Amino acid sequence: MNDAPISIEQSDDTITIRGEVDAHTAPMVRTTAEPMLARGTLRIELSGVEFIDSSGLGVLVALTERAREQGGDLIVVAPSRPVVRLLQISGLDGHITTES
């Protein structure tokens, strides 16, 4: 059994995250994603995210803004129900690009 609260895998232009994205793990997401922004559009697959808090949301917003400043975008792919819910209640579902 894996006791890590988060699993991050990267390939080409996609990062796949599973587990919890919170104040403890959000910096790991940022550290993994930031170097990939130079490639253009970054896809973050979140179907396996069981929990996300405001720290995780803040990282998604910051990465989206940075990607757009560089002429790319951040696409949240297959967001889990907790991710969709947080995007909706925060009003960011219209700001962050999502893809089913």
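Stokes-Einstein diffusion of region 1-61 at 20 °C, 1.002 mPa s viscosity, Kirkwood radius from Cα pairs, rounded to a whole number: 184 µm²/s.
Between Ile44 and Ile15, Ile75, Val76, Val77, the built amide H atoms are under 5 Å apart, and every one of these is 5 or more places off in sequence or on another chain. The H on the amide N of Ile6, modeled in the peptide plane, is under 5 Å from the matching H of Glu20, each at least 5 residues off or on a different chain.
Report the calculated FRET efficiency for Val84 and Ala38 (r = Cβ-Cβ distance, R0 = 25 Å), to the nearest 0.05. E between Val84 and Ala38, to the nearest 0.05, is 0.30. For the pair Ser11 and Glu65, a Förster radius of 25 Å applied to the C-beta separation gives a FRET efficiency near 0.55, rounded to the nearest 0.05. The orientation-averaged projected area of the convex hull spanned by the Cα atoms of region 6-99 comes to 4.9 nm².
Every number in this text was worked out from the coordinates using simple rules, so none of it is lab data. As the structure is a prediction and not an experimental result, all values here were calculated from the model. All Cβ positions, even for glycine, are placed from backbone atoms using ideal geometry, and neighbour counts span all protein chains on display.
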